[in-house]
Each structure stands twice: as C-alpha cells, then as structure tokens.
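Below is one structure, written out as structure tokens; the observations come after it.
All of the numbers you see were taken from the coordinates with simple rules; none came from a lab. Note that this is a predicted model, so its numbers are computed, not measured. We place every Cβ from the backbone using ideal geometry, glycine too, and count neighbours over all the protein chains shown.
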Amino acid sequence: MNDNDLIDQGSVILVNVFTPLPGMTDAFVEAQTAEYARLKGLVKGARGNRLLRSLDGKRAVNIAYFESVELYDAWIASDLFADHLSRIRHLVEKVEPALFDVVYEST
C-alpha cells in the first residue's frame with residue numbers, strides 16, 4: 001500500500017508529533033502500535049496510518065489518513081478516542097497535532 005491508496009479527493013491527513021517522556025519512546029511506539037491493531041476497523045473514516053520514530057529517539061510522528069474532516073472530528077469526540085488517549089497519555093510529555101490536505105505529490 002502506498003500513500004496514493006490512502007489519499008482521495010476531500011481526504012484529510014493528521015500529522016501528530018509526539019514527544020514521549022524521557023526514556024519512554026520505545027514504550028510509546030509499542031503502545032501506539034498495539035493501539036493501531038486494537039482500533040483497526042473501528043474508527044469510521046480512518047484509511048490508515050504510519051508511525052515514525054526520530055533518529056535521535058526523542059519524538060514520534062503519527063500520520064493518519066481520514067476520509068474527511070468531519071469523520072476525524074467525530075473520532076476525536078468519541079468514547080473510543082478517549083479510551084485510546086487513556087492508554088497512551090501516561091507515556092507522552094507533549095503532543096502537537098495538525099490537519100493537512102495534499103497540495104502536491106511526487107512519486
């Protein structure tokens with residue numbers, strides 16, 4: 001699967017930069033990866049995601065693909081999202097989410 005399979009007209013991309021607590025990056029990556037598996041197929045409008053770890057081990061980036069802003073908003077307002085947060089919050093010092101649309105792409 002590549003990004004072209006995940007991105008459609010009108011879709012939105014969440015780029016979420018996490019700063020785990022010192023020494024907790026591996027635990028965060030493990031917990032977030034487990035959450036992807038647990039939530040697969042349960043989040044309406046979610047099309048897939050990627051998890052990146054910075055080379056210095058101080059940050060992780062979640063890139064998530066949603067069918068629309070409205071479906072993303074419904075996800076973050078849901079009880080399922082609140083449960084998700086409760087499973088990872090204790091590992092994170094800082095979270096910086098932002099929504100994007102694609103304006104240029106090269107493969």
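Loop-located GluC sites (Glu not before Pro) across segment 44-107 with a Cβ neighbour count of 13 or fewer within 10 Å are 105, with loop assigned by DSSP. According to the square roots a ≥ b ≥ c of the eigenvalues of the Cα gyration tensor, what is the shape class of segment 40-94, taking rounded for a/c under 1.5, prolate for a/b larger than b/c otherwise, and oblate for the remainder? Taking the square roots of the gyration eigenvalues as a ≥ b ≥ c, segment 40-94 is oblate. Each of 28, 52, 69 was placed along the dipole of the chain (beta-carbon charges, centred on the mean Cα), and the one lying farthest toward the positive end is 28. Placing +1 on the Cβ of every Lys and Arg and -1 on the Cβ of every Asp and Glu, with no other charges, gives segment 1-100 a dipole of roughly 260 debye about its Cα centre.
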